[in-house]
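First up is the structure itself, then whatever we jot down about it.
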Amino acid sequence: MSHFSTIKTKITDREALIEALERLGERVNVPWKGTSVVELVITNPSHAEEHPTVEVEVSIGVDVGFKLNEKTGAYELIADRQTWDRDVPIERFMEKLTQQYARMLIHREVEEKGFKIEEEWEMDNNSIELTVSRWN
């Protein structure tokens, strides 16, 4: 029988999470107007027996989404490891997502401080370098 796994994160900003997921090429699903959650359901019938539905605030496909933990204020990845269909393992996906999430927060902070991003590079070692400027 299949089940959802919960992976804790330090992601607290919903908009930056959505932007980071989109930057990774994910098709992001958010609730329709008037609702607050998207339902994740195990869709493979051989895995779905006696399996509960899970409500999430952001989903990125079948059996994968993010749910806000009210106690910590951080989003948690909810996924079925048996039906995970990405080209990288969950752990590597989370590393990439965390990096893009930080990138989105930095972009926002730079713009709020009145700077403009002039150049941005993704290095061979997976680091990201930014050049910013501001007129005084």
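Values in this text are rule-based calculations from the coordinates and carry no lab data. Please read these numbers as outputs of a predicted model, since none were measured by experiment. Every residue, glycine among them, receives a Cβ derived from its backbone with ideal geometry; neighbour counts consider all protein chains shown.
Across the range 62-102, Cα pairs under 8 Å and at least six residues apart give a relative contact order of 29 percent. At q = 0.14, 0.22, 0.23 Å⁻¹, what is the log10 ratio I(q)/I(0) for the range 58-136, with the Debye formula run over Cα points and no solvent? Treating every Cα as an identical point scatterer, log10 I(q)/I(0) equals -0.66, -1.05, -1.09.
In straight-distance terms, cross-link reach from LYS8 covers every one of the lysines whose alpha-carbon lies under 29 Å from its own, apart from those fewer than eight places away in the same chain; here that gives LYS33, LYS67, LYS71, LYS96.
Highest average first, the peptides 97-106, 55-64, 3-12, 123-132 ordered by how many other beta carbon atoms sit within 10 Å of their residues are 55-64, 97-106, 3-12, 123-132. Taking the Cα centre of the range 87-127 as origin and assigning +1 to Lys and Arg Cβ atoms and -1 to Asp and Glu Cβ atoms, the resulting dipole is close to 180 debye. Please give the net charge around ALA74, taking every other residue with its beta carbon less than 14 angstrom from that of ALA74, where Lys and Arg add +1 and Asp and Glu add -1. That works out to +1.
Working note: Karplus 6.51/-1.76/1.60 with θ = phi - 60° gives the range 5-12 the couplings 9, 10, 10, 6, 9, 10, 7, 10 Hz, where Gly and Pro are set to x. Other residues with beta-carbon under 9 Å from the beta-carbon of LEU130 carry, at +1 per Lys or Arg and -1 per Asp or Glu, a net charge of -3.
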